[in-house]
Amino acid sequence: MKHCLYLLILLLLPVSVYSQDQLFGSWQGNMRSVHGTYTFTLDILSNTDADDPIRAVAMHDRNGEREVIELKGIIYHDSSVYFRDVSDRYHKASVGEKFSKLQFLFKYENGVPVLDGHWQEYKDLKKYRKGRLVLYKKKRKA
C-alpha cells in the first residue's frame, strides 16, 4: 500500500510542475461586478523569493480609469492561486487607500488553461467591493 502511494505521488508530481509552468505568462479576460463588465489583464511571473513565490501585475480599465496593481501570491497544491497587494494592507487602510486580493482556481476547459476566480477591492479592513474573474492564457506571438 505504501509503495502505491509513492508511485501515485511520483506520477502526479510532473503534472503539478507542468501546471505551474502553464500559470506563468499573460492572462486576459473579464471582471464582472455590480457596476459592469471590464477587461482585466494579469501578468504572472515566477519569483526567486521563497516568501513570495510568484509576482503579478494586474491591470483593468474601469469606467475609463486605468488601474495597475502590483501583487504577490502563492500557488497551492490544489491548483488554487492567491494574490494580494504588495503594499501593506494595514498601512493602506490607515491612510485611506484601497488594496486588492484575488483568488483563482487554475484549471483547463476543453484543453485551454483558465483562471477562474474572484477579486476584492478593500476600502478599509472590513468594507470591500467584489467581482468575478474569468481569465484565459494569452497565446505568445512568434
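Taken together, the values in this text are just the output of simple stated rules run on the coordinates, not laboratory data. Every value quoted in this text rests on a predicted model; they were computed, and no experiment measured them. Note that we place each Cβ from the backbone using ideal geometry, even for glycine, and neighbour counts take in every protein chain shown.
Of the strands (runs of 3 or more DSSP E) contained entirely in the stretch 60-142, those carrying at least 2 residues that are without any contact (Cβ under 8 Å) to a residue 60 or more places away in the chain and within 18 Å of Phe40 (Cα to Cα) fall at 65-75, 80-85, 99-109, 112-122. Here Arg66 fulfils each of the conditions (1) within 14 Å of Leu23 (Cβ to Cβ); (2) loosely packed, with under 15 Cβ neighbours inside 10 Å apart from (1).
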